[in-house]
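Asker: Let me begin by handing over the structure; questions about it come next.
The values are calculated or read from the model by the stated rules, or taken from the named source; none is laboratory data. Only a predicted model underlies this, so the values are computations on that prediction, with no experimental measurement involved. Quick reminder, even Gly has a Cβ in these numbers, built from the backbone with ideal geometry, and neighbours come from all protein chains shown. Keep in mind that these areas ignore ligands, DNA and RNA; they rest on the heavy atoms of the full protein, side chains included. Shrake-Rupley method; radii C 1.70, N 1.55, O 1.52, S 1.80 Å.
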Amino acid sequence: MNLAVERALAAAVAQRTGDRWRLSDLWPTREGLALAFDTEGGPLELRVVAAGQPAYRTVGPRAYQYRSGGASLAPAQRQLLDAALDALEAAFAAAALDPLDPRALTAPSDGAAFPSPRHRAHLAAPLALTDAQRAAYRADGHFLLRGALDREVLLAARPDVEVALQRAWPPDLPPPSRRPDAYSAAFVQVTNLGLDDPRVRALAHAPRLARLAADLMGVPAVRVFCEDWFVKEPEAALTPWHQDAVCYPFDAAASVTAWLPLQDTSPDMGLLRFALGSHLGPPVDIENICDASEALFTQVIAQRGPSVRHLPPLRLGDVSFHDGWTFHGATPNRSATPRVALALHFFANGARVKRPTTPTMQHLLASFGPGLSPGDPASSPAWPRVHPPAPAAPAPAAQAFHLRATLLPDGQAPVDLWVRDGRLTFDPVPGAPSLAPPGGFVCAGLVDAHAHVSWAHDADTPAHAAAYMNDMRALYAGSGVTLLRELGASSDAVLSLGDAPGLPRVHAAGTCVLRSDAFSFAATPPDRLRDAFLARAHAGARWVKVFADWTDDFGGKERPGFGADDEVTYPLPVLADAVAAVHALGVRVAAHAFTRAGAQVALEAGVDSLEHGWGLDEPLIDQMAADPTPGRRTAWVPLAGIAMSMWQKLRRDGDADRVAWVERSMQRLAHLIPYAHARGVPILAGTDWFPEVTVADEVDELIALGLSPDAAVGAASWTARAYLGEPGLTEGAPADLVLFRRDPRLDPSVLAAPDLILLAGQRVRPSTAGLRPHRLPWRRRHEQP
């Protein structure tokens, strides 16, 4: 499914129903489009079909059907259904989208097609397991690894998977209740999509997953036996107990199955169950998944006494691993949403083909290893080695480039590096042309840790439109910024911004959470705070932006309003509960705070970053630095660059009290920023008011306030990328980099004029010259005319 379409529809319905309806999934059907919603009255499925069929409502060529889990809808629920239909109609019209046309629904989103260089870099990056995790897997025969894959990578891959599934879908398939046996009633199984589709293969043969499988098995190399795509439709029955390895036509030292859902998956959608430790006993002599296997395994489990573990609710990106001999099955799908999952069956390299003893083994050997005989190595194109991966063919010189420069922050002398297919490598690429003369200094692409790419200051600005947001991204790119943490948008359309050639990657929060209903905010009272946070997470936000303090006379850049006496927005228990709720889903929280009271309540609630933080003091900074793990400390984004513009506007307005507050704040920051850095608090560079303030401006202000040039440049590059979980100048990372002729740690002014900008290997023309009028820094404020 087109990710931008999905998020646009989700945002439209959530807004029209007051967040009481949330889109949980959608998928194309032969008749049109199906949408599953979580509502206050329970799950509900909506179908868009051609007019002329029985329907709840018909609009032009489209008819809407619905199915709920209970009795007929109450009047209040019907009102929300009508509101949802109105929202969908408006969204279809705004996007010029025909939901009856499957091509419109499965077309790639506006972002770069999967897999982009960033996607490939993540899928190749290793993920280390602990000794305790390995021991738990080997004792239980099962292990759940939360967040094993980046949620956004899977969202980007999903449209290609859905297209491939549609191509391979069995024709004329009856509903699950009318299928002839327990196997077919439990799921639809499609195999090895990745063998013929390179995009699907990028996910299914991901080195990251293969390396995890090798680590769990304790072997140096692994192959894929099969990739099974299991679609458990609504009303699909229980998946009977079985073992995966019982039908393998080879003897392998070990095998493991990685099971990853392609959507957030609740227990009513059909999650796996495992008999813990069952892999250590003798196998059960039955290979077919059927009613008989359910009965026999149930009897064996009762006799042997292993406990049964059911998977908890899973988030997209969680991966479950189980031994090939572990007893397992799955519960029925009682929801209105199809559950799609990929089961990757890995086995240890070095296995030998055995003599088939069952018709299933004979079929698998003939299909996957034609020509192989007992005793032959279990090696065929259908059983590829995926770890360690086979060496990649050298890229043509036209797709590769060379640089020779000093790499920051640790480099002492120039080194050679190459860009191949949009990613960095230190392996020579013969014939690759040089992008720049030898010399200079390279750092990972700049980061704006507090950006707004979709912020409207009036109702007529189309800040929600993709063209507007991408124009803003292009401005950032021209200043050397390759990564944006977006912290406040006019709508959730920003959540649909995927990777795009030549444009910065976006870690988005979407709309802000606060109590104001001024344009363009939506007021969130305290009793709705937890729901608002969770709605942000379910809409796909990486961050939630909350205002820990607020002023009623805020007017934007034209009349900032903020001051030392702003009121705390939410009580501590309410804010802490909301923060904990989204932390459990892997979403982080950024808190706007200008006052000491706002900073204190935000820190005690456990937020991940403090924006502005002008009311901080030494005890609160000590609290930020208290976590012994540096990566978990609360980051500080001072946003000192906006002080000059605020001060000028407040002076013009004659607001003497706030003018004095800004001046006192900057005087205190000159002491607190070096103190926080010395205590190990991560300090990040953000602009807030780009392009009036650029990242180069913010670095200049941080240095003027006492931060060392090395730390200030790091706040806009390597430190910020590490904090946000993005790679730097490492082998296989996306080629996001900026080249300067002089060392920016010795001459930070060069940040404003990069010599070379690469975004995922694509050259971007520097455009900082003329980006905005000349801006005086804070220290020279009195020089203004």
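Asker: Mind listing just one residue for me: the one in the stretch 210-232 that is over 18 Å from Thr191 (Cβ atoms) and of a type outside the set (Gly, Ala, Ser) and, of those, surrounded by the fewest Cβ atoms within 10 Å (Cβ to Cβ)?
Answerer: Pro220
Asker: Which of the residues that make up the stretch 1-44 are open to solvent by 20 Å² or more (accessible area, probe 1.4 Å), at pLDDT below 80 and of a type in the set (S, T, N, Q)?
Answerer: Within the stretch 1-44, Gln15, Ser24, Thr29 qualify.
Asker: In addition: Would you please name the residue that is surrounded by the most Cβ atoms within 10 Å (Cβ to Cβ), looking only at residues in the stretch 236-269 that are of a type in the set (Gly, Ala, Ser) and over 14 Å from Ala343 (Cα atoms)?
Answerer: The first filter runs over the stretch 236-269 and keeps only residues of a type in the set (Gly, Ala, Ser), leaving 236-237, 245, 252-255, 258, 266.
Of the ones still in play, those that are also over 14 Å from Ala343 (Cα atoms) are 236-237, 252-254, 266.
Details: Ala236: 26, Ala237: 20, Ala252: 22, Ala253: 12, Ala254: 21, Ser266: 18.
Here the residue is Ala236.
Asker: Then there's this: Kindly indicate the residue of the stretch 648-657 that is surrounded by fewer than 21 Cβ atoms within 10 Å (Cβ to Cβ) and in contact (Cβ under 8 Å) with a residue 24 or more places away in the chain and also nearest to Leu776 (Cα to Cα) among those meeting that condition. Full working, then the answer.
Answerer: Of the stretch 648-657, the ones surrounded by fewer than 21 Cβ atoms within 10 Å (Cβ to Cβ) are 648-649, 651-657.
In the following step, the residues that additionally are in contact (Cβ under 8 Å) with a residue 24 or more places away in the chain were identified as 648-649, 653, 657.
Working: Gln648: 11, Lys649: 14, Asp653: 19, Asp657: 22 Å.
Ranking the qualifying residues of the stretch 648-657, first place goes to Gln648.
Asker: Can I ask one more? Given Pro126, Pro108, which one is open to solvent by 20 Å² or more (accessible area, probe 1.4 Å), modelled with pLDDT of 90 or more and in a loop (DSSP other than H, G, I, E, B)? If you could, list the steps in order and put the result at the bottom.
Answerer: Numbers: Pro108 fails: modelled with pLDDT of 90 or more.
Result: Pro126 is the single residue among Pro126, Pro108 that is open to solvent by 20 Å² or more (accessible area, probe 1.4 Å), modelled with pLDDT of 90 or more and in a loop (DSSP other than H, G, I, E, B).
Asker: Can you report the number of residues in the stretch 539-559 which are in contact with a helix residue (DSSP H, G or I) (Cβ under 8 Å, 6 or more places away or on another chain) and part of a helix (DSSP H, G or I)?
Answerer: Residues that pass the stated criteria total 2.
Asker: Looking at (1) at pLDDT 95 or above; (2) out of contact with any Ser or Thr (no Cβ under 7 Å at 6 or more places or on another chain), which is the only condition Asp627 fails?
Answerer: So the condition that Asp627 fails would be (1).
Asker: Further question on the same structure: Taking the options Asp747, Asp710, Asp755, name whichever one is open to solvent by 50 Å² or more (accessible area, probe 1.4 Å) and either farther than 26 Å from Asp471 by Cα or in contact with a Pro (Cβ under 6 Å, 6 or more places away or on another chain) (or both).
Answerer: Asp710
Asker: Just the residues that are part of a loop (DSSP other than H, G, I, E, B) and either open to solvent by 40 Å² or more (accessible area, probe 1.4 Å) or farther than 13 Å from Phe321 by Cα (or both), please, taken from the stretch 129-148.
Answerer: Of all residues in the stretch 129-148, those part of a loop (DSSP other than H, G, I, E, B) come to 129-130, 141, 146-148.
Hits for the stretch 129-148 are Thr130, Arg146, Gly147.
Asker: Filter the stretch 303-346 down to the residues that are of a type in the set (A, V, I, L, M) and either in a strand (DSSP E or B) or modelled with pLDDT under 95 (or both) and list them by number. Break it down into steps so the answer makes sense when it comes.
Answerer: Narrowing the stretch 303-346 to residues of a type in the set (A, V, I, L, M): 308, 311, 314, 316, 319, 330, 336, 340-344.
Result: Val308, Leu314, Leu316, Val319, Ala330, Ala336, Val340, Ala341, Leu342, Ala343, Leu344.
Asker: Condition first: part of a loop (DSSP other than H, G, I, E, B) and closer than 18 Å to Arg339 by Cα. Can you find one or more residues in the stretch 206-217 that meet it? Quick ask: steps written out before the conclusion?
Answerer: Residues of the stretch 206-217 that are part of a loop (DSSP other than H, G, I, E, B), as a first pass: 206.
Narrowing the set further to residues that are closer than 18 Å to Arg339 by Cα leaves none.
Among the residues of the stretch 206-217, not one is part of a loop (DSSP other than H, G, I, E, B) and closer than 18 Å to Arg339 by Cα, which makes the answer no.
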